[in-house]
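Below is one structure, written out as C-alpha cells, with a few remarks after it.
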Amino acid sequence: MDQHASALPGAPWEWSESDWRRLVNHVRAGRALRPASWPGGARCAVALSFDSDHETNELRDGGRSISRLSWGEFGSRVGVPRILTLLERFGARATFFVPAASALLHEAEQRRVVAEGHEMGLHGWIHEINSMLPHAVERELMLRSADTLEQITGTRPVGLRTPSWDFSPSTLAIAREMALLYDSSLMADEDPYELLLDGQPTGIVEIPVEWIRDDAAYLITHRFQSLRPYTAPADVFDIFRRELEAACRSGGVFQLTMHPHVIAARSRIWILEELLREARAEHAWFATHAELAAWVRSTEGAAAPRAAR
C-alpha cells in the first residue's frame, strides 16, 4: 500500500506537525483554471453528469437483495433512456460515469450513450471503496475498468470519478500514470483547478463536485437504514437553480451530479428539464467533463482573476 495510506500512529492530537502536514498536503488544489471566457461567448459552463451505478450499489457491498438490484435495473431500463431523450431535446451533452460491471451488464446502453455524443468516464469496477484497497488492487481495477469501457464503446475514458467520491492516497498517482485528463471527485473549489501531488503539479484538471449539487444527498432511500428522502423535489430544484444562477453571474462552472435511478422518476425528472431550460436562458455552454477540462487547459494562460469571482 502507498506510504501515505498507512495509518499514522496514535491519536490525531498526538501526531507530529510534520505528519499531519504531510497527510493534508499529499493531494491538494493547485492553480485555479477558471478561464476568462467560454466558447461562443457563453456566460458560464454547465457540466451535467450521471453516475450510472445501477446494480453495483448492491453488488459493491456483497448484497443479494433482489429488491435493491431491481432498483438499480430501473436506472438502466427507465432512467437512462428518459435522460437521453431529455438531453436530446435541449441539445445538451453530458458525462456518464459508469462502473465497469454496470457497463458489462448493460452494454447496449453504453454504446447508445456514446453514439448520441455523450462522454463515458471511469467510475470504478464494481463501485468499490478505493480507500479500503491496497495500491496494487486499486491500480489493477482502474486499468481493467478503462480497458472494459474501451472494449464496449470503442473509446477509452479520459476522466475519472471515484465511486462515492472516495479518493484514496494512491488514486491521483494512478490517474497520472494512466495519463487521465481530469478527475471529478474532490471539493476544494467551485470551478476547475489543477491537482497537486505532494506539492507538484500533475497536469490533471479537477472538475469539483459537492454534496449540495448531488441528487442522492436529498432523494436517496435505504430500506434497512434511516436514510430517507428529506427534501421535496421543488426544494432540490431551488438549490440547484440557485447554484446555476450564481455560476453564471460569476462566469464559472455549474457542475451537477445525478443518478439515473434517482433523478429519472416521474416526479423528479422535471428538475432536470427545468434546469436545462434555465441554462439555455442563461446562454450557458453545455459541455462534457472532458470538453470542459480540455477548454480550461487550452486557455489556462488567460485565466480569470480570483477577485472576479
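Note the per residue figure in Å³ for the convex hull of the C-alpha positions in segment 189-309.
Hull volume over Cα atoms, normalised by residue count, gives 142 Å³.
About its Cα centre, how strong a charge dipole does the chain have in debye, to the nearest 20, once Lys and Arg get +1 and Asp and Glu get -1 at the Cβ?
Charge dipole, the chain, about its Cα centre: 640 debye, nearest 20.
Beta carbons within 10 angstrom, averaged per residue: use that to sort the peptides 93-100, 109-116, 122-129, highest first. Each step should come with its number before you reach the end.
Numbers: 93-100: 26.4, 109-116: 18.0, 122-129: 23.8.
Result, highest mean Cβ count within 10 Å first: 93-100, 122-129, 109-116.
Share of Cα-Cα pairs in the chain beyond 36 Å, in percent?
Result: 15 percent of Cα pairs exceed 36 Å.
Using a cut-off of 15 Å between beta-carbons, work out the net charge of the residues near residue 154 (Lys and Arg +1, Asp and Glu -1, residue 154 not included).
-3
Name the residues whose placed amide hydrogens come within less than 5 Å of the amide hydrogen of residue 50, ignoring near sequence neighbours (fewer than 5 apart) on the same chain.
Amide H to amide H, under 5 Å and 5 or more residues apart or across chains, residue 50 pairs with 95, 96, 97, 258.
Per 0.36 nm of contour for each residue apart, how much would the distance between residue 77 and residue 18 grow if the chain were fully extended, relative to their Cα-Cα spacing?
Numbers: separation 59, 0.36 × 59 = 21.24 nm, distance 5.13 nm.
That pair, residue 77 and residue 18, stretches by 16.1 nm at full extension.
How much mean residue ellipticity at 222 nm does the chain get from its helices, if each DSSP H run of length 4 or more adds -39500 (n - 2.57) and you divide by all residues, to the nearest 500 deg cm²/dmol?
Value at 222 nm, helices only: -11500 deg cm²/dmol.
Mind jotting down a quarter of the surface of the convex hull over the alpha carbons of segment 1-128, in square nanometres, one decimal?
Values: hull surface 50.4 nm².
Result: a mean projected hull area of 12.6 nm².
Counting residues in segment 165-253 as N, plug N into 2.2 N^0.38 Å and put the Cα Rg over that result.
1.35
For the chain, with a Gaussian network of springs between Cα atoms less than 10 Å apart, report the residue from 66, 152, 220 with the top mean-square fluctuation.
Per the Cα network of the chain with a 10 Å cutoff, 66 tops the list.
Under 5 Å between amide H atoms, partner at least 5 residues away or on a different chain: which partners does residue 204 have, H built in plane at 1.01 Å?
195
What's the extension gain from residue 65 to residue 137 if we count 0.36 nm per residue and subtract their Cα-Cα distance?
23.3 nm
³J(HN,Hα) across segment 249-260 via Karplus (A = 6.51, B = -1.76, C = 1.60, θ = phi - 60°), whole Hz, x for Gly/Pro?
Once θ is set to phi - 60°, the couplings for segment 249-260 become 4, 8, x, x, 10, 9, 9, 9, 10, 9, 10, x Hz.
Using the Karplus curve 6.51 cos²θ - 1.76 cosθ + 1.60 with θ = phi - 60°, what ³J(HN,Hα) values do you get for each residue of segment 283-291, in whole Hz, with x for Gly and Pro?
Computed from phi, the couplings for segment 283-291 are 6, 8, 9, 7, 9, 5, 5, 5, 5 Hz.
Just so you know, all these numbers are worked out from the coordinates, no wet-lab data involved. Fair warning: this is a prediction, and the values are worked out from it, not measured in the lab. In this analysis, Cβ positions are derived from the backbone assuming ideal geometry, glycine residues included, and neighbour counts consider all displayed protein chains.
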